[in-house]
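The block underneath contains the structure these notes are about, expressed in structure tokens.
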Amino acid sequence: MSKTSSFRVGRVTAYLRGQVWYLRYHENGQRHQVRGGHEKKAVRRLAAEVNAQLETGAPVMTSIDSVTVPELRELWLEHHEHVLQSSVATLNRYRTATDHLLGFIEQGGGRSPRVSSFRPTHAEQFVRYLRQLKVAPNGHANATRRPLRGKGIKYVLQVCRSLFNFALKRRYLPPYADNPFSVIEIDRMPADPATPHADLSKRQERQLLAACDEWQLPVFLTLVLTGLRPGELSHLMLPEDLDLIGGWLKVRNKPQLGWQVKTRSERKIPLVPELVAVLKLVVGDRRTGPAFLRRRFADEGTAPALADLDEKQLQHELERRVLAKEETLERPLTREERRRLAWFLWRDAGAIKPTRLRCEFIRLTKQIGLPALTAPKTLRHQFATALQDANVDPLIRNQLMGHAPARAGYGDSALGMTGVYTHTRPETMRRQLTTALKSRPAVEVARTWVGMQNAC
């Protein structure tokens, strides 16, 4: 090689191939050859740094562990599973998003499945691949397939960008390399316009509740007057979560029973007197188990198999089932397997499945001529709108809705440190919520229903 096309810095040789300089050296008996860059001065500086690391025995900055994209995906998911303890639902979303990347590579779009060979041009080809892809919106094999929407494409690309950021931190990519998904400016991509949300009018709210049967009415009255998520309603426990004497409802994490609030934010919600009266009739003499039982137990008047177990006893029963399953499989259970066992426990205790609430809501909206409304989350939107219409304090609205703080470490919502210094008095929260809900048809319906039940 001529001196103009190569040079040496200690134990590192640099040579020019075309328009790019490469470094060659030996580390721990293994030969390494890495891309250095286009500028000779920068490459000489990099060669000096690598030589210093070789001389001192430090890990060489340009050395990378060669892994495939499927291997990287598994390492990244394991990191979220065991280190960050991301929720099982989040892990499932990440796995689904990265499945598209693996499908693209299997079709030869990424040429080589090696992480170090994935270039920004491959990321751009992946975007084109996603825009031509058709998927089932609900993930069901028999569902009608449609093209991925803009919001879905952005989410997939953002997940893949996080995946390759992990690769950079773990030295699966050269330290001088850019994240291939950062080059395509994902955040500037336009997304589909959000579907406009329409709250139920007072007349429609009255129609919805009038269409409810004896089992449905207390359930949907509670959703309307508390803003609970369906999963939160399904996992309310007696007596810890319902204080019908004081008129409070508690939304608590129950990790020992395999369930946590979506945002992990626990909260207390004051109950209007009309809803307290309804819940007293629903609970009756029961002192343990889920506050709301499945339809078959309510209709038949029978008790679930685990009806007599309190929360501590249910925890012990779940651990017994987990140990028995692990002995059968001769290995520890995954978090997904533990979650399934936990749900079977809730089922045996008589809890309502959250997806059942969606089915019941769809049945009701079809009866009143609103088949486009398919999510009970509409009632949660309506609760938030009622708080807004009544000028409820933003901090109290945030607490009642159970939303996570917008900026971690800086108080609630956008209030910054004001949210840290502000402590809402229970009587203030109750007064503002009562004012916001006093004109809702649900309050009148609850009062009428309780009167009819007491008269029977």
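The values are calculated or read from the model by the stated rules, or taken from the named source; none is laboratory data. Everything numeric in this text was worked out from a predicted model, so none of it was measured. We place every Cβ from the backbone using ideal geometry, glycine too, and count neighbours over all the protein chains shown. The protein model used for the area step is the full one, side chains on, heavy atoms only, and it has no ligands, DNA or RNA in it. Shrake-Rupley method; radii C 1.70, N 1.55, O 1.52, S 1.80 Å.
Quick notes on this one:
- Taking other residues whose beta carbon is less than 11 angstrom from the beta carbon of Ala305, and scoring Lys, Arg as +1 and Asp, Glu as -1, yields -2.
- Angle in degrees between helix 441-455 and the longest Cα principal axis of the chain, rounded to the nearest 10: 50
- Between helix 311-329 and the chain: long-axis angle, C-alpha atoms, 0 to 90°, nearest 10: 40
- Within region 296-331, backbone nitrogen closer than 17 Å to the virtual label 7 Å beyond the Cα of Trp343 toward Cβ: 322
- Cβ-defined net charge surrounding Asp199, 15 Å radius [Lys, Arg +1; Asp, Glu -1]: +4
- Entry comment: accessible area of region 257-316 is 53 Å² per residue, from protein heavy atoms only and a probe of 1.4 Å.
- Distance between modelled label sites at Ala191 and Glu427, nm, 7 Å Cα→Cβ extension: 4.3
- Computed label-point distance, nm, for sites Lys41 and Ala210 using a 7 Å Cα→Cβ extension: 8.2
- A straight chain from Lys169 to Gln313 at 0.36 nm per residue would run longer than the Cα-Cα distance by 47.4 nm.
- Spin-label model, Arg8/Asn454: points 7 Å from Cα along the beta carbon direction are separated by 9.9 nm.
- Accessible-area rank, largest first, for Thr448, Thr56: Thr56, Thr448, with all protein chains present and a 1.4 angstrom probe.
- Segment His26-Glu336, length gained on full extension (0.36 nm per residue, minus Cα span): 107.2 nm
- Loop GluC sites (Glu not before Pro), region 189-254 (other Cβ atoms within 10 Å of the site Cβ: 12 or fewer; DSSP): Glu214
- Within the chain, the ratio Rg/Rh, alpha carbon atoms throughout and Rh by Kirkwood, equals 1.09.
- Potential lengthening between His82 and Val127 on full extension [0.36 nm per residue; Cα-Cα distance subtracted]: 13.2 nm
- Estimated FRET transfer efficiency (Ala404, Arg296; beta-carbon r; R0 22 Å; 0.05): 0.05
- Note on region 225-352: the C-alpha convex hull projects to 8.2 nm² when averaged across all orientations.
- Carbon and sulfur %, accessible surface of the chain computed with the full protein complex present, 1.4 Å: 51
- Alpha-carbon spread of region 143-256, three principal axes, descending order, Å: 64, 37, 27
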